[in-house]
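Student: I am attaching a structure below and will ask some questions about it afterwards.
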């Protein structure tokens with residue numbers, strides 16, 4: 001992606017991407033289940049500190065393309081957690097519990113003229129393979145969000161995820 005920055009380290013991953021604003025539009029795509037389902041996952045957020053997080057992923061429906069590869073057939077399709085910090089229109093932090101991964105995700109929004117920089121930091125992931133897979137997932141999901149916001153057909157989820165996984169495997 002042309003305007004993305006990504007990093008994988010021993011603790012987690014970070015992705016920054018410029019999206020077409022305004023900030024309230026991007027906030028809605030983070031917090032509204034119906035809008036979030038078009039690029040990440042459906043499910044409710046109780047938008048208060050301590051509020052429940054419930055995400056249900058269906059990556060096969062995010063864009064046209066092939067279904068999930070065999071290695072993801074048993075991949076957890078749900079995330080639960082709690083909101084740990086919320087500053088409407090600028091920051092949403094939450095715990096992220098999926099399978100064996102009990103981690104933390106922070107979404108930060110920063111206006112950049114008419115655009116918005118979305119920074120996602122996912123910490124406490126654990127082993128390198130999980131970090132690479134999660135980074136590939138975030139970059140693919142945010143790419144689909146960008147496509148939705150600009151009115152183009154979303155990139156194929158699994159083909160993009162596989163390409164990015166190979167890239168991060170050799171880069172990091």
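The values are calculated or read from the model by the stated rules, or taken from the named source; none is laboratory data. All values derive from a computational prediction rather than experimental measurement. Counting neighbours? That spans all protein chains shown, and the Cβs are built from the backbone with ideal geometry, glycine included.
Student: Give the residues of segment 13-35 that are touching a helix residue (DSSP H, G or I) at 6+ places or on another chain (Cβ under 6 Å) and in a helix (DSSP H, G or I), sorted by residue number.
Tutor: 28, 29, 35
Student: Here's another thing I want to ask about it. Starting from residues that are more than 15 Å from residue 160 (Cβ to Cβ) and assigned to a loop (DSSP other than H, G, I, E, B), keep the ones in segment 66-86 and report whichever is modelled with the lowest pLDDT.
Tutor: The residue in question is 76.
Student: Which ones in segment 109-122 are surrounded by fewer than 18 Cβ atoms within 10 Å (Cβ to Cβ) and under 16 Å from residue 141 (Cα atoms)?
Tutor: 119
Student: What is the one condition in (1) surrounded by 16 or more Cβ atoms within 10 Å (Cβ to Cβ); (2) outside any loop (DSSP other than H, G, I, E, B) that residue 63 does not satisfy?
Tutor: (2)
Student: Does segment 132-142 contain any residue that is more than 16 Å from residue 39 (Cα to Cα) and either loosely packed, with under 15 Cβ neighbours inside 10 Å or free of Cβ contacts under 8 Å to residues at least 40 places away in the same chain (or both)?
Tutor: Yes: segment 132-142 contains one or more residues that are more than 16 Å from residue 39 (Cα to Cα) and either loosely packed, with under 15 Cβ neighbours inside 10 Å or free of Cβ contacts under 8 Å to residues at least 40 places away in the same chain (or both).
Student: When segment 36-54 is examined, which residues are found to be touching a helix residue (DSSP H, G or I) at 6+ places or on another chain (Cβ under 7 Å), surrounded by 18 or more Cβ atoms within 10 Å (Cβ to Cβ) and part of a strand (DSSP E or B)?
Tutor: 45
Student: Report yes if residue 6 is without any contact (Cβ under 8 Å) to a residue 60 or more places away in the chain and under 17 Å from residue 144 (Cβ atoms), otherwise no. So that I can check it myself, show each step before the final result.
Tutor: Values: without any contact (Cβ under 8 Å) to a residue 60 or more places away in the chain: no; under 17 Å from residue 144 (Cβ atoms): yes.
In short, no.
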